[in-house]
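The values are calculated or read from the model by the stated rules, or taken from the named source; none is laboratory data. Computed from a prediction, not measured in an experiment: that's the story for all the values here. FYI the Cβ positions are ideal-geometry reconstructions off the backbone, even for glycines, and counts take in every protein chain you see. Surface accessibility is based on the protein's heavy atoms, side chains included, excluding ligands, DNA and RNA. Shrake-Rupley method; radii C 1.70, N 1.55, O 1.52, S 1.80 Å.
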Amino acid sequence: MEFSLEPIGIIHSCFKEKFGIPRQPGLAPAARAQLELFPPYGSHESLRGLSAFSHLWIIFIFHANPQNAWKATVRPPRLGGNRHIGVFASRSGFRPNRLGMSAVKLEQICSDASGVRLHLSGVDLLNGTPVLDIKPYLPYADSLPTASAGFAAEKPFPIFSVEFSPEADVMCRHLEKEWPLFRQLIVQILQSDPRPAYYGGETSDRTHGVCIHDVDVKWKQEKHRIIVTAVEPILPVVD
């Protein structure tokens, strides 16, 4: 059996690196992305009726993971990063075909001379992700309240409160002129502790950093709170 898959579009996301991306879609509602559709997939005929759906399934490739680097067992963060389970009992990106799927909110569909873009929120998608397909989310079929979910039965709850240094607060206010939900996005990413699972929520003197949009966000974890110490644009800030 032979088959080939061709991307229908590409993701332009606020996440420029894997570290810091929410571990599931919907955990950071302020996370935004645009799905740029390639011709001919962005035609009026292909998208007819799509705007009637509030949420979509995005089928994509974990393109930042090496090809043929799948693992039979993985160590999910939800299990502390120490217990091994089978890859097919996880959502790890280290899969035989590197396929992923995310249920995201469709904010709007925009079409202009440059093409067609779907504006999405609640994403967990890396910038540059190739998209293979789009399917409408159907609550009656896709939401199964009585389903069992193994080790991930409960939605993860925020672990830390997030505070900003005076300098970080000033820069956030400035950047919110371009990205209105920027501060909210930082909080949603950091409050669940994006560090590797082996930290186990422990306090560390180390300064951590994550790239959001084109901004380097630095923070430290102190007991039960995270302090954002610096918010530094990687590119010049335009007034």
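Would you confirm, using the coordinates I've provided, whether Glu36 is free of Cβ contacts under 8 Å to residues at least 12 places away in the same chain, of a type in the set (D, E, K, R) and either farther than 24 Å from Gln191 by Cβ or not in a loop (DSSP other than H, G, I, E, B) (or both)? The answer is no for Glu36. The number of residues in the stretch 206-222 being in a strand (DSSP E or B), at pLDDT 90 or above and not hydroxyl-bearing (Ser, Thr, Tyr) comes to 11. Consider Ser51 carefully, then state whether it is polar (S, T, N, Q), under 17 Å from His119 (Cα atoms), touching a Pro at 6+ places or on another chain (Cβ under 9 Å) and not in a loop (DSSP other than H, G, I, E, B). The answer is no for Ser51.
For (1) within 16 Å of Asp216 (Cα to Cα); (2) modelled with pLDDT of 90 or more; (3) loosely packed, with under 13 Cβ neighbours inside 10 Å; (4) in contact with a helix residue (DSSP H, G or I) (Cβ under 9 Å, 6 or more places away or on another chain), each residue gets a yes or a no:
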| residue | (1), (2), (3), (4) |
| --- | --- |
| Gly150 | no, no, yes, yes |
| Ala153 | no, no, yes, no |
| Val170 | yes, yes, yes, no |
| Leu175 | yes, yes, no, yes |
| Arg183 | yes, yes, no, yes |
| Val187 | yes, yes, no, no |
| Pro196 | no, no, yes, yes |
| Tyr199 | no, no, no, no |
| Ser204 | no, no, yes, no |
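Contact map, the stretch 49-66: residues that are of a type in the set (Ser, Thr, Tyr) paired with residues that are open to solvent by 70 Å² or more (accessible area, probe 1.4 Å) and in a strand (DSSP E or B), Cβ distance under 7 Å, separation 6+ or inter-chain. Pairs shown: Ser54/Lys105. Taken together, the criteria place Glu2 among residues that are out of contact with any Gly (no Cβ under 7 Å at 6 or more places or on another chain) and either open to solvent by 30 Å² or more (accessible area, probe 1.4 Å) or not in a loop (DSSP other than H, G, I, E, B) (or both).
Determine, yes or no, whether Lys71 is touching a helix residue (DSSP H, G or I) at 6+ places or on another chain (Cβ under 7 Å), at negative phi and of a type in the set (D, E, K, R). In short, yes. Among residues of the stretch 155-165 being open to solvent by 70 Å² or more (accessible area, probe 1.4 Å) and of a type in the set (A, V, I, L, M, F, W, C), the one that is farthest from the chain's Cα centre (by Cα) is Ile159.
For the stretch 48-94, give me each residue that is within 24 Å of Pro136 (Cβ to Cβ) and over 17 Å from the mean Cα position of the chain (by Cα). Result: Arg48, Gly49, Leu50, Ser51, Ala52, Phe53, Ser54. Quick check: anything in the stretch 158-167 within 20 Å of His224 (Cα to Cα), outside any loop (DSSP other than H, G, I, E, B), in contact with a Lys or Arg (Cβ under 9 Å, 6 or more places away or on another chain) and aromatic (Phe, Trp, Tyr)? Looking for residues that are within 20 Å of His224 (Cα to Cα), outside any loop (DSSP other than H, G, I, E, B), in contact with a Lys or Arg (Cβ under 9 Å, 6 or more places away or on another chain) and aromatic (Phe, Trp, Tyr), one finds at least one in the stretch 158-167, hence yes.
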